[in-house]
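So the structure is just underneath, and the comments pick up after that.
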Amino acid sequence: MIERQEKDGDREASVWLLKPNRSFSRRQMLGFLILVSSISVSVAVISWLCGNAFAPLFAMLELSVLGACFLLIARSGQSVEVVEFAGGQVLVSRLPGVGRVFAEALGWVSIQRGAEGRIRLSARGRVVEVGAFLGEDERAILGSELQEALAAARRRKE
């Protein structure tokens, strides 16, 4: 998902917030996990009553793996990349945790489009990929927007 904003009402300063697309909210994910868990526990209890002593053990194993997968998905959905064109610089930050990964002057920055529509910002030997978690269509839109914004920012600087 791409959100474009103007920084502090300044048309010359643009910010792109890049977030992974998720079809489930956290609440929906938890509800689905509870539904699957209740069905799995019900089947395990019925199997145990019919003589399968290992059914509860396998159900606990299955639910712990499923819960870990859902936790990983929920955490990856919280990640955000921020691309800023402000004050004559291009800044890229990854949140939460990593912080700023790229900060270069506009004049040095170039945008490269690689295989499968990958978008890379490069300057003076430093390269950072942005929007890796976006779909191909969204990356194409992002690449065009960044290219236009970079060209417009350079025209304003001249």
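No value in this document is a laboratory result; all are computed from the given coordinates. Because the structure is predicted, anything quoted here is derived from the model rather than measured. Using ideal geometry, Cβ is built from the backbone for each residue, glycine included, and neighbour counts are taken over all protein chains shown.
Annotations for the structure displayed:
- Euclidean distance between Cα centres, region 123-137 to region 1-76, Å: 27 Å
- Taking a point 7 Å out from the Cα of residue 26 in the direction of its Cβ, none of the residues of region 81-105 has a backbone N less than 12 Å from it.
- Residue 54/residue 80 FRET efficiency (R0 41 Å; Cβ-Cβ; nearest 0.05): 0.40
- Each residue of region 79-91 was assigned a 3J(HN,Hα) from its phi angle through the Karplus expression (A = 6.51, B = -1.76, C = 1.60, θ = phi - 60°), giving 5, 9, 10, 10, 10, 10, 10, 7, x, x, 10, 10, 10 Hz with x at Gly and Pro.
- Residues 2, 119 arranged by fewest to most Cβ contacts within 10 Å: 2, 119
- Environment charge of residue 19, counting only residues whose C-beta is closer than 15 Å and scoring Lys/Arg +1, Asp/Glu -1: +3
- Efficiency of FRET from Cβ geometry, residue 129 and residue 62, R₀ 41 Å, rounded to 0.05: 0.70
- Projecting the Cα atoms of 92, 77, 5 onto the charge dipole of region 1-100, computed from C-beta unit charges around the Cα centre, puts 77 farthest toward the positive end.
- Residue 116 sits among other residues whose Cβ lies under 13 Å from its own Cβ, and their net charge, with Lys and Arg +1 and Asp and Glu -1, is 0.
- Entry note, the chain: relative contact order of 19 percent, from Cα contacts under 8 Å with a spacing of 6+ residues.
- Packing here is the average count of other Cβ atoms within 10 Å per residue, and on that basis the peptides 28-35, 85-92, highest first, run 85-92, 28-35.
- Point-charge dipole on Cβ atoms (K/R +1, D/E -1) for region 83-158, about Cα centre, debye to 20: 400 debye
- Option label - volume of the Cα convex hull per residue in Å³ computed here, alternatives [x] 117; [y] 104; [z] 137: [z]
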